[in-house]
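First up is the structure itself, then whatever we jot down about it.
Every number in this text was worked out from the coordinates using simple rules, so none of it is lab data. This is a predicted model, so every value here is computed, not measured. Methodologically, a virtual Cβ is constructed for each residue, glycine included, from the backbone with ideal geometry; neighbour enumeration extends over all protein chains shown.
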Amino acid sequence: MNGLSGNIPLTINYLQKLQGLYLYNNNMRGSIPEGLCDLHSLVDLYLSQNNFFGPIPECLGNITSLRDLSLESNMLTSSIPSSIWRLTDLMYLDFSSNSLIGFLPPEIGNLLKTILINLSMNQLSESIPSTIENLISLNALSLAHNLLKGSIPDSVGRMISLISIDLSYNSLSGSIPKSFEKLQYLDYLNVSFNALRGEIPTGGPFVNFTIESFKGNDALCGIPRFNVPLCNNNVSKHMPRMKNVRLALFIVSGVVLLISLLSLAFIFVRYKRKNQAINGIDGLVPTVPERISYYELLQATEHFSETNLIGMGSFGSVYKAVRRDGKIFAVKVFNSLSEAACISFGVECEVLRNIRHRNLTNVISSCSNEDFKALVLQYMPNGNLDKWLYSHNYCLDLMQRLNIMIDVACALEYLHHGYSILIVHCDLKPSNVLLDEEMVAHVSDFGIAKLLGEGESTMHTNTLATMGYIAPEYGLEGLVSTRCDVYSYGVMVMETFTRKKPSDDMFDGDLTLKNWVQSSLNNESSIEVIDANLLNTENEQGFEKNVQCVSSVLDLALKCCAESSGDRIDIKEVLTELQKIKGRFSRSD
């Protein structure tokens, strides 16, 4: 999202250790160079929303480390390379909105770990292979707006993790498989505008569907609620009651209209971005890749023993868990007796299963019943930023702190600008910034986050976050906006480079962390507020360089913490400035 143009340089293959390439939403063009295939450590490849043309390189299937592959909204042609179906560890595949031809081979069933597949808005033909039933981890599938024909495989009913499936605008025939009634998690179905016929199932998830899921199929029949003709086997028993049926249809049509509007709004929030059926870029992951039972969690945490306790928060506790296969993850257990904790669990589920970004907590699974609620999350071996700032056993150098603040800014930019709705975290602070094995920062704890719908920029709330990080309008009026996150971020930046909490005992009366930093910068005595650990350099030149760098960062933090929300800098500008500061600091080495 930088307005980049031109081709991908042929020298890209020199970046042998590159793990993520994010060039989406630019004006780049040309063909996708085969030099990308030499990047054997590549995990994420996002080239979507550009002007790339030509075929998808066959050799992309040789990058076995790939987990996320998004080429949507380009001008790519030819068929999908057969090598793609060999990427058995791929989790997100999005080739939508191109001009791809050919068919779906049986090998699509090899993608056992894939969570999202979006091949909509192409020219794929022939039938859907029955081997698609192997995709038992798949949550979201969109094959809409293609040239597919034949029947919908009954085997789709065995894809137990499906939440969303869109097969609309094809030439599919036959009936809607009754096996779909077994898909207990399915809450979005669209088979409209095909050539389907026969009775619409009524069991399982179909109790929540409306005519919007089936319209444009003139030969379908079913119960009156679907606003389709009655099936032949039902006509005779309904004839004596036609007057009642007409009245019922009149009432039902009003209810259907209301439900349709609510369903469409719900679907838009959860599964659409930029008017596409399913978008795999940056996120929009409908749910989690695997299901973990309560019994497995008990075993992995040794019955939630204190020896595995990582931390405690307002709504529950976090434990380290080690599965029998050696995989390590974190389990966030919510206090089921607390109404606030249960609400927090619901909010985190809603937010985390709909977003995905390198600098956000990666949710693995969830486990919930009346007495137990938990999220299974990516384990962060380096703990949180708070630990690194205040422990005597750890110390972050200047570059590490800069990189962590850039990571957090990247996460906020995505939450505020990279998703179809605005997401306000509402509780940014060092303890909610987790660090993985590479010291990459991940923003966590979305328990009081707010989702602002289309056209909304602010909302009121009675939920308060951590004192000292709250923006004035949030604390006084309960008014929440993305600018509140920017304020909290500014406070956290000041804390990171001064090593002073906003709640420190030295801040009393009118003296606050913000005032203290501002006064020092105004008097050109920033050295007084900078963490002494950042000034222990070998020579005077290094000392001056660090002072100048931190002073620039603190000045930027103050712009984030302007008293009036309208005067605060936007997070996009923050990210740009931080990267410039980092660039100047790096060049001066």
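If Lys and Arg each add +1 and Asp and Glu each add -1, what is the summed charge of the other residues whose beta carbon sits under 15 Å from the beta carbon of Cys342? It would help to have the intermediate numbers written out before the result.
Details: positive: Lys332, Lys373; negative: Glu339, Glu348, Glu350, Glu370, Asp371.
Computed value for this residue: -3.
Treat every Asp and Glu Cβ in the chain as -1 and every Lys and Arg Cβ as +1, leave all other atoms uncharged, and give the resulting dipole magnitude about the Cα centre to the nearest 20 debye.
Numbers: 47 positive and 61 negative charges, 459 e Å.
Dipole about the Cα centre, nearest 20: 2200 debye.
With point charges of +1 on the Cβ of Lys and Arg and -1 on the Cβ of Asp and Glu, referenced to the Cα centre of region 466-552, which listed residue (Leu521, Asn546, Ile470) lies farthest in the positive direction of the dipole?
The Cα lying farthest towards the positive end belongs to Ile470.
If you wrap a convex hull around the C-alpha atoms of region 294-378 and split its volume per residue, what is the figure in Å³? The partial results should precede the final answer.
Numbers: hull volume 8.5 nm³, N = 85.
Roughly 100 Å³ of hull volume per residue.
Looking only at region 41-76, which residues have a backbone nitrogen under 18 Å from a spot 7 Å from the Cα of Glu107 in the C-beta direction?
Zone members listed by number: 55-67, 69.
By counting other Cβ atoms within 10 Å of each Cβ, how are Glu437, Glu495 ranked from fewest to most? Walk me through the numbers on the way to the answer.
On the way: Glu437 9, Glu495 26.
Ascending number of Cβ neighbours within 10 Å: Glu437, Glu495.
Sum -39500 (n - 2.57) across every DSSP H segment of at least 4 residues in the chain, then divide by the residue count to get the 222 nm mean residue ellipticity, nearest 500. Mind dumping the intermediate values first?
Details: 11 runs with 155 residues, N = 589.
Roughly -8500 deg cm²/dmol at 222 nm, from the helical runs in the chain.
Using only Cα atoms, figure out Rg for region 403-506 and give it as a multiple of 2.2 N^0.38 Å. It would help to have the intermediate numbers written out before the result.
Values: Rg = 13.6 Å, N = 104, 2.2 N^0.38 = 12.8 Å.
Normalised Cα radius of gyration, region 403-506: 1.06.
Starting from the Cα of Arg584, step 7 Å along the direction of its Cβ; do the same at Asp89; then give the gap between the two resulting points in nm.
In this crude spin-label approximation the distance works out to 4.1 nm.
Within region 367-402, which residues have the backbone N less than 16 Å from the label spot 7 Å out from Val322 along Cα→beta-carbon, could you tell me?
Counting backbone N atoms under 16 Å from the label point, the list is 379-382.
May I ask for the distance between the Cα centers of region 417-444 and region 24-86, given as a whole number of Å?
Cα centroid to Cα centroid, the span is 28 Å.
How many times 2.2 N^0.38 Å is the alpha carbon radius of gyration of the chain?
On the way: Rg = 26.5 Å, N = 589, 2.2 N^0.38 = 24.8 Å.
The chain yields a ratio of 1.07.
What share of all Cα pairs of region 61-177, in percent, falls into each consecutive 10 Å distance bin?
In order of increasing distance, the bins hold 15, 50, 33, 3 percent.
Using +1 at the Cβ of each Lys and Arg and -1 at the Cβ of each Asp and Glu in region 294-378, identify which of Asn308, Leu360, Val331 lies farthest towards the dipole's positive end.
Result: Leu360.
Taking 35 Å as R0, compute the FRET efficiency from the Cβ-Cβ separation of Gln378 and Asn515 and round it to 0.05. Provide the component values of the computation, followed by the final result.
Working: r = 38 Å, r/R0 = 1.08.
Efficiency, rounded to the nearest 0.05: 0.40.
Test of understanding: what is the full-extension gain from Val207 to Lys17, defined as 0.36 nm times their sequence separation minus their Cα-Cα distance?
Working: separation 190, 0.36 × 190 = 68.40 nm, distance 5.01 nm.
Stretched out fully, the Val207 to Lys17 stretch lengthens by 63.4 nm.
Compute the Rg/Rh shape ratio of region 1-107: radius of gyration over Kirkwood radius, all on alpha-carbon atoms.
Numbers: Rg = 12.9 Å, Rh = 13.8 Å.
Answer for region 1-107: 0.93.
Based on the Cβ-Cβ distance from Leu4 to Cys231, what FRET efficiency comes out when R0 is 51 Å, to the nearest 0.05?
Working: r = 56 Å, r/R0 = 1.09.
In this case the efficiency is close to 0.35.
With the Cα gyration tensor of region 5-271 in hand, convert its eigenvalues to equivalent ellipsoid semi-axes via √(5λ) and list them largest first in whole Å.
Details: eigenvalues 343, 61, 49 Å².
Ellipsoid half-lengths, sorted descending, are 41, 17, 16 Å.
Please work out the C-alpha center-to-center distance from region 137-212 to region 358-396 and express it in whole Å.
Here the two parts' Cα centres lie 37 Å apart.
Could you list Asp504, Asp325, Asp68, Asp89 in order of exposure, starting from the residue whose Cβ has the fewest other Cβ atoms within 10 Å? Each step should come with its number before you reach the end.
Values: Asp504 16, Asp325 5, Asp68 25, Asp89 13.
With the sparsest Cβ surroundings first, the list reads Asp325, Asp89, Asp504, Asp68.
Sequence-distant or interchain residues sharing an amide H contact under 5 Å with Ile355, placed H: which?
It is Leu284, Val285, by chain and number.
Based on alpha-carbon atoms only, what is the radius of gyration of region 385-587 relative to the globular estimate 2.2 N^0.38 Å? Display every interim value, and only then the final one.
On the way: Rg = 16.5 Å, N = 203, 2.2 N^0.38 = 16.6 Å.
Against the empirical 2.2 N^0.38 Å value, I get 1.00 for region 385-587.
Rounded to the nearest 20 Debye, what is the dipole magnitude of region 294-378 about its Cα centre when Lys and Arg each give +1 and Asp and Glu each give -1 at the C-beta?
On the way: 9 positive and 9 negative charges, 97 e Å.
Here the size comes out at about 460 debye.
How high is the FRET efficiency between Ile160 and Glu524 when r is their beta carbon distance and R₀ equals 60 Å, given to the nearest 0.05?
Result of the calculation: an efficiency of 0.40.
What helices does the chain have that are whole DSSP H segments, at least 18 Å long along their own axis by Cα, and with mean Kyte-Doolittle hydropathy of 1.6 or more? Mind dumping the intermediate values first?
Details: long enough: 242-271 (40 Å, 1.82); 339-352 (20 Å, 1.17); 398-417 (28 Å, 0.61); 482-498 (24 Å, 0.25); 540-560 (30 Å, 0.13); 571-587 (24 Å, -0.56).
Helices meeting the span and hydropathy rule in the chain are 242-271.
What dipole magnitude, in Debye to the nearest 20, does region 1-83 give about its Cα centre under +1 on Lys/Arg Cβ and -1 on Asp/Glu Cβ?
Working: 3 positive and 6 negative charges, 27 e Å.
Its charge dipole is roughly 120 debye.
Set Lys and Arg Cβ to +1 and Asp and Glu Cβ to -1, take the dipole of region 5-271 about its Cα centre, and tell me which of Asn62, Ile132, Leu36 lies farthest positive.
Ile132
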